[in-house]
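Colleague: To start, I am sharing the structure in question, which I have written as structure tokens.
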Amino acid sequence: MTHMLREIAQPGSGETLDPQDWDDVRVLGHRMLDDMIDHIATVRERPVWQPIPDAVRAQFREQLPREANELADVYRTFTDFIAPYATGNLHPGFMGWVHGGGSAVGMLAEMLAAGLNANLGGRDHIPIEVERQVVDWVRQMFSFPAEASGLFVTGTSMANLMAVLVARTCALGKPARRHGIGGQGARLTAYTSKAAHGCITKAMDIAGFGSDALRCVAIDESHRIDIAALREQIARDRAIGLKPFLVVASAGTVDIGAIDDLWSVAALCREEKLWFHVDGAFGALGILAPELAPRLVGIELADSIAFDFHKWGQVPYDAGFLLVRDGERHKNAFAAPAAYLRRETRGLAAGSEWPCDLGVDLSRGFRALKTWFTLKTYGTDKLGAIVAHSCALASYLEARVRAEPRLELLAPVNLNIVCFRYRAADADRVNREIVVNLQESGIAAPSTTVLDGELAIRCAIVNHRTDACDIDALVAAVLEFGARRTASPGQLAVTEAVAVVV
Ligand SMILES: Cc1ncc(COP(=O)(O)O)c(C=O)c1O
């Protein structure tokens, strides 16, 4: 035996990443857990978000670490330079884009999932059964049939892309997976509304159709797809030899949370033999709130639904989901047999079909666990009540805006999103600055959008921690920053002096 082989043959002599002393890791691990629980519990005491100082950013411009570092030192970098400068969506004052707040339960489950380090691409193990359990719960939520299938993905952008791919294979047949979309595919056209999320356009591009093959149909005054215009566009396209194959309806448009008339879209798709997909990124979970569920009528008729548990479901990032009515069609779009993924009837390679047959990813994390914990621990009634509470807060903000002459509502409030602005001569500039001021003040973090050419302050209330006091703080800060932004230099000096005294 060579020296090296003799060394390897000694028990315990190999290289490993496990610690010499597990108790050291245990002590530090308990501290991390305590610190993180405190971090969440005391979130209101901190700013929503804060700008990153150059010195902090510089911490992450280091050379590749070839030498080891003490875990405690690495952790100190986390506590000092990472935790304080995160996005801020844990905070009840975060109202930008559409971000969920997460929960301590989800965090703990994520730690447990990382401990198991399970790969949910396939094979026969209980984590896959946990994902199947959640798939079945989702199927029940949307009253889908027993043959429906689904899986976790990163987010709704990916779920929408996958739905386009399933619809593509359904329209062109499985051979198109070998030959590409070809001449037939070049004539396929899809339909959505002008208010749809940009990831639908991206999905059409990535799926090989090109974004021009997506018809963005007119919307009505409530931002819902104009069904008559949709019907006409489909007829016009058929008349020139194109082949409509897919309609993507929105259950909660990104700008203002409008819900398309899903029932009518479903009927039209049935009539025209088109794939009916619903982008329900955040709005689909409205199904859990008895007050909102009737507005989603028709979603149960969809061929596929994309949505996120990481938004209104409050599951920590990321936890996107795709549900497909016909599991066979779903599998037809993705399953790709390989010798090294051979299925058996017994042993670890049993349990077909595997999630890798239903999507792009082979290696997949245990997103299902944090979702399973969240659904089991809170129950869907409670999660539905949180969804309804967000909408009630949006109505409260709407009422505050309507009651305040200095503010102007820019769109109807459908669900949990309020778009408004401070009235000013140079309103776009003033409101853009107000939003930056709000974010930098740490009081609230809305985002912006543009509606009919006008810049809006956009507040999407998603976080379960947000309450009426956060709405009041937001309105007060908008009025304060708005007054400062529109004040003459003389008035500004007075306002600032008053602010200092206060
Ligand atoms: C309507 C809609 N669709 C799609 C998406 C994209 O979802 P994700 O960010 O999870 O990819 C969003 C994001 O907010 C959305 O609001």
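The values are calculated or read from the model by the stated rules, or taken from the named source; none is laboratory data. For clarity, every value in this text was computed on a predicted model and none was experimentally measured. Because the Cβ atoms are built from the backbone with ideal geometry, glycine has one as well, and the counts that use them run over all protein chains shown.
Colleague: Quick one: how many residues across the range 92-106 are touching a Pro at 6+ places or on another chain (Cβ under 6 Å) and not in a loop (DSSP other than H, G, I, E, B)?
Modeller: Of the residues in the range 92-106, 1 are touching a Pro at 6+ places or on another chain (Cβ under 6 Å) and not in a loop (DSSP other than H, G, I, E, B).
Colleague: Restricting the range 121-147 to residues that are among the β-branched types (Val, Ile, Thr) and closer than 22 Å to Ser250 by Cα, which is farthest from the ligand (Cβ to nearest atom)?
Modeller: Selected residue: Val135.
Colleague: Among the residues in the range 229-245, are any buried (at least 16 other Cβ atoms within 10 Å of the Cβ) and within 16 Å of the ligand (Cβ to nearest atom)?
Modeller: Scanning the range 229-245 turns up no residue that is buried (at least 16 other Cβ atoms within 10 Å of the Cβ) and within 16 Å of the ligand (Cβ to nearest atom).
Colleague: So which residues in the range 1-44 are of a type in the set (Lys, Arg) and either exposed (fewer than 10 other Cβ atoms within 10 Å of the Cβ) or modelled with pLDDT of 90 or more (or both), if there are any at all?
Modeller: If the condition is that a residue be of a type in the set (Lys, Arg) and either exposed (fewer than 10 other Cβ atoms within 10 Å of the Cβ) or modelled with pLDDT of 90 or more (or both), then Arg26, Arg31, Arg44 are the ones that fit.
Matching residues to (1) touching a Leu at 6+ places or on another chain (Cβ under 9 Å); (2) within 15 Å of the ligand (Cβ to nearest atom); (3) of a type in the set (Val, Ile, Thr); (4) on the phi > 0 side of the Ramachandran plot:
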position	(1), (2), (3), (4)
Leu322	yes, yes, no, no
Ala333	yes, no, no, no
Ala339	no, no, no, no
Ala349	yes, no, no, no
Glu353	no, no, no, no
Arg364	yes, no, no, no
Arg367	yes, yes, no, no
Thr374	yes, no, yes, no
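Colleague: Tell me, please, whether a residue that is more than 19 Å from the chain's Cα centre (by Cα) and within 16 Å of the ligand (Cβ to nearest atom) can be found in the range 264-273.
Modeller: So far as the range 264-273 goes, yes, one or more of its residues are more than 19 Å from the chain's Cα centre (by Cα) and within 16 Å of the ligand (Cβ to nearest atom).
Colleague: Is there a residue in the range 297-312 that is more than 12 Å from the ligand (Cβ to nearest atom), free of Cβ contacts under 8 Å to residues at least 60 places away in the same chain and buried (at least 24 other Cβ atoms within 10 Å of the Cβ)?
Modeller: Among the residues of the range 297-312, not one is more than 12 Å from the ligand (Cβ to nearest atom), free of Cβ contacts under 8 Å to residues at least 60 places away in the same chain and buried (at least 24 other Cβ atoms within 10 Å of the Cβ), which makes the answer no.
Colleague: Any idea which residue in the range 199-224 is nearest to the ligand (Cβ to nearest atom), counting only those that are touching a residue at least 24 places away in the same chain (Cβ under 8 Å) and in a helix (DSSP H, G or I)?
Modeller: Cys199
Colleague: Still on this model: What do you reckon, is Val153 surrounded by 20 or more Cβ atoms within 10 Å (Cβ to Cβ) and over 22 Å from Ala190 (Cβ atoms)?
Modeller: no
Residue by residue, here is whether (1) out of contact with any strand residue (DSSP E or B) (no Cβ under 7 Å at 6 or more places or on another chain); (2) touching a residue at least 12 places away in the same chain (Cβ under 8 Å) holds:
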{"site": "Arg402", "(1), (2)": "no, no"}
{"site": "Glu408", "(1), (2)": "no, yes"}
{"site": "Pro412", "(1), (2)": "yes, yes"}
{"site": "Tyr422", "(1), (2)": "no, yes"}
{"site": "Ala425", "(1), (2)": "yes, yes"}
{"site": "Arg432", "(1), (2)": "no, yes"}
{"site": "Glu440", "(1), (2)": "yes, yes"}
{"site": "Pro446", "(1), (2)": "no, yes"}
{"site": "Ala456", "(1), (2)": "no, yes"}
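Colleague: Quick one: which of Ala333, Ala289, Ala350, Ala339 is within 30 Å of Arg465 (Cα to Cα) and not aromatic (Phe, Trp, Tyr)?
Modeller: So the residue among Ala333, Ala289, Ala350, Ala339 that is within 30 Å of Arg465 (Cα to Cα) and not aromatic (Phe, Trp, Tyr) is Ala289.
Colleague: Please state which one of Arg329, Arg346 is part of a loop (DSSP other than H, G, I, E, B), modelled with pLDDT of 95 or more and not aliphatic (A, V, I, L, M).
Modeller: None of the other options fit; the residue is Arg346.
Colleague: Now for a different question. If we keep just the residues of the range 253-263 that are crowded, with 24+ Cβ neighbours inside 10 Å and more than 17 Å from Cys216 (Cβ to Cβ), which is nearest to the ligand (Cβ to nearest atom)?
Modeller: Among those residues, the one meeting the criterion is Gly257.
Colleague: Within the range 148-198, restricting attention to residues that are at positive phi and part of a loop (DSSP other than H, G, I, E, B), which residue is farthest from the ligand (Cβ to nearest atom)?
Modeller: Gly173
Colleague: Here's another thing I want to ask about it. Here is a list of conditions, (1) farther than 17 Å from Lys311 by Cβ; (2) surrounded by fewer than 23 Cβ atoms within 10 Å (Cβ to Cβ); (3) out of contact with any helix residue (DSSP H, G or I) (no Cβ under 6 Å at 6 or more places or on another chain), and Phe144 meets all of them except one; can you say which number that is?
Modeller: With (1) farther than 17 Å from Lys311 by Cβ; (2) surrounded by fewer than 23 Cβ atoms within 10 Å (Cβ to Cβ); (3) out of contact with any helix residue (DSSP H, G or I) (no Cβ under 6 Å at 6 or more places or on another chain) applied to Phe144, the lone miss is (2).
Colleague: Turning to a different aspect of this structure: When the residues of the range 52-73 are filtered to those that are surrounded by 11 or more Cβ atoms within 10 Å (Cβ to Cβ) and closer than 23 Å to Gly102 by Cβ, which remaining residue is farthest from the chain's Cα centre (by Cα)?
Modeller: Step by step, filter the range 52-73, then rank; the result is Val56.
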